[in-house]
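The values are calculated or read from the model by the stated rules, or taken from the named source; none is laboratory data. Since this is a predicted model, take the numbers as computed values, not measurements. Cβ atoms come from the backbone with ideal geometry, glycine included; neighbour counts cover every protein chain shown. SASA here: full protein model, heavy atoms, side chains in, ligands and nucleic acids out. Shrake-Rupley method; radii C 1.70, N 1.55, O 1.52, S 1.80 Å.
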Amino acid sequence: MDQLDCIVIGAGIVGLAVARALALQGREVVVLEKTKLIGSETSSHNSEVIHAGIYYAADSLKARFCVEGRKRLYLFMEEHGIEYKKCGKLIVATNEVQVAELASIQQRAERNGVDDLRLVERTELLEMEPALNAEAALLSPSTGILDSHGLMLAYQGDMEERGGAIAFGSSVDAMEAQDDGIVLTISGDTEMVLKAKTVVNSAGFSAPRLAANTSGLNPEHQPKAYYAKGNYFTLAGRVPFSKLIYPVPEKAGLGVHLTLDLGGQARFGPDVEWVDRPDYAVDPARGDSFYAAIRSYWPDLEEGSLQPSYAGIRPKLQAPGEPAHDFRIDGPSTHGVPGLVNLFGIESPGLTSSLAIGDYVAAQLRD
């Protein structure tokens, strides 16, 4: 059986960033994607926000990669002509208890290397965003929004310019670690068996399933997958805000926040709905709970103005009620299988972190 140099499983934004980084090293890269499009799952069902790196645990991969990735991402988008807007974000406190929490959020951000947050008091806040109801807020000027599809196309283009390719309609069902490479069983448009020197499992919420179907990988390196669905609702009508508006974070997520797309359309979400399997349908009834959450910081939101939009799936490594887990990137030094890297739990800030994750994975596979 002929042996390929490097296979990346999954053409989402992180898989493409990894493939690009490997191609820049001079590796011969083939990306296997089960659907007919790049980024058709998690990468196309998110807020398209460039995160600053504020909330994550100190010294975590999320904190490290988000801060590094965000800085590199702005430069990359400038160089490649990708549309973005550094609109900034306000983390708003609507009562005195939340105001006290802003200080700890700022301290955590500074530990992560985010040194541009600024506390905005109520008077200035109302001048900045007159429709906002808040006692105070943290302003994050380096938060922005971007064209995520344009970014993925740029990653794909850089990879293909260096000889890389994507095979669409190629679902990897199982892998077998052998002494001289990794054998992949593939279904889809063409059923086949391939062998590669190195394999990167960047299959998003399917990555744990694929790890569980990897012969030669110890079960302790096959984590269980959990799915946190996030539902989004769009605003019918004009939004009176110029910045992204986030409430003080809650346990399972960042709360029902307001984000903008590059066309100025406002959307609210995501909420947290734990599901047994990926499902993108939005139940209109879930919007009922959005109104109270949003009115805590925008009291003038009119009844009936929210419309169901879309949903995304966060690939979680923790069960409901458990503390948030870090990104998990298991390379040969972790699991002992030469040439294999598994990416687990790559949720937000995966988009922002994508360039940093790509280089990190490529470094683990460098000859």
Here, strands (runs of 3 or more DSSP E) confined to segment 261-367 with at least 2 residues that are closer than 21 Å to Ser206 by Cα are 273-275, 306-316, 328-330, 340-344
Looking only at segment 190-205, count every residue that is assigned to a loop (DSSP other than H, G, I, E, B) and either touching a strand residue (DSSP E or B) at 6+ places or on another chain (Cβ under 7 Å) or in contact (Cβ under 8 Å) with a residue 24 or more places away in the chain (or both) and tell me the total. 2
Output the number of residues of segment 138-174 satisfying the condition of being in contact (Cβ under 8 Å) with a residue 60 or more places away in the chain and under 22 Å from Pro208 (Cβ atoms). 3
What single numbered condition from (1) open to solvent by 50 Å² or more (accessible area, probe 1.4 Å); (2) closer than 30 Å to His45 by Cβ; (3) part of a strand (DSSP E or B); (4) not β-branched (Val, Ile, Thr) fails to hold for Ala174? (1)
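Here's the yes/no breakdown for (1) modelled with pLDDT of 95 or more; (2) under 24 Å from Ala136 (Cβ atoms):
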position	(1), (2)
Ser202	yes, no
Gly216	yes, no
Arg238	no, no
Ile245	yes, yes
Val272	no, no
Tyr280	no, no
Gly287	no, no
Ala293	no, yes
Name the single residue, out of those in segment 127-156 being assigned to a helix (DSSP H, G or I) and open to solvent by 60 Å² or more (accessible area, probe 1.4 Å), that is farthest from Gly69 (Cα to Cα). Glu127
Within segment 69-114, how many residues turn out to be under 19 Å from the mean Cα position of the chain (by Cα), in contact (Cβ under 8 Å) with a residue 40 or more places away in the chain and in a helix (DSSP H, G or I)? 8
Do we have Thr94 as open to solvent by 20 Å² or more (accessible area, probe 1.4 Å) and touching a strand residue (DSSP E or B) at 6+ places or on another chain (Cβ under 7 Å) here? no
